[in-house]
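Report on one structure; see the data block that follows.
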Amino acid sequence: MLTLVLSRFILDEVERVLLYPRLQARYQITASEAARFTGNLADAAHMVEPLIVRPLGLSDPADDPVLYTAADGKADIPCTRNIRHFDAAEVQSFCATRNIRIMTDVDALRDLLKQGPAAGYGDRS
């Protein structure tokens, strides 16, 4: 079973990005549409509010809540397009001890397609 794990931090980030000028130029998303979209994501997701115990030494400290969301929500694969942000040894250790594999969205999709429906993603009760 696949489960979308999100936090308020991630939803706020999604809403902020949807309102970037370059996305506005292409899609003309209104603030209310962006809010409605993130509200729909929240309704569909397993929501967690991560406890950030200590900074993880990421190149972008704003990524700490992403990893703690994955850990607290028992996510298998957080997806990012900035995978190099997560190369630090401390980050790799944090993920390894929690069986978290950071992947790009494309790599995660390839992995899921290769594994098939019996892969059991999201079943870490």
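The values are calculated or read from the model by the stated rules, or taken from the named source; none is laboratory data. What you see is a predicted model, and the numbers here were worked out from it, not measured in a lab. Quick reminder, even Gly has a Cβ in these numbers, built from the backbone with ideal geometry, and neighbours come from all protein chains shown. In case anyone asks, the SASA skips ligands and DNA or RNA and just uses the protein heavy atoms, side chains included. Shrake-Rupley method; radii C 1.70, N 1.55, O 1.52, S 1.80 Å.
Per-residue ellipticity at 222 nm computed for the chain from its helices equals -14500 deg cm²/dmol, with DSSP H segments shorter than 4 residues left out and the rest contributing -39,500 (n - 2.57).
For the chain, with all protein chains in place and a probe radius of 1.4 Å, 56% of the accessible heavy-atom surface sits on carbon or sulfur. Extension gain, LEU2 to GLN28: 0.36 nm times the residue separation minus the Cα-Cα distance gives 6.3 nm. Taking amide H as placed 1.01 Å from N in the peptide plane, SER7 has its amide H under 5 Å from the amide H of VAL48, each at least 5 places away in sequence or on another chain. Between ASN99 and ALA42, the contour length at 0.36 nm per residue exceeds the Cα-Cα span by 18.1 nm. The stretch between ASP107 and ARG81 holds 8.3 nm of extra length on full extension. This uses 0.36 nm per residue minus the Cα-Cα distance.
Dipole magnitude for the chain: computed about the Cα centre from +1 point charges on Lys and Arg Cβ and -1 point charges on Asp and Glu Cβ, it is near 240 debye. Once the mean of 1/r is taken over each pair of separate Cα atoms and inverted, the chain shows a Kirkwood hydrodynamic radius of 15.6 Å. Solvent-accessible surface of the chain, taken per residue with a 1.4 Å probe and all protein chains present: 65 Å². Which of rounded, prolate or oblate describes region 24-77 when judged by the alpha-carbon gyration tensor and an a/c cut-off of 1.5? Here region 24-77 falls in the oblate category.
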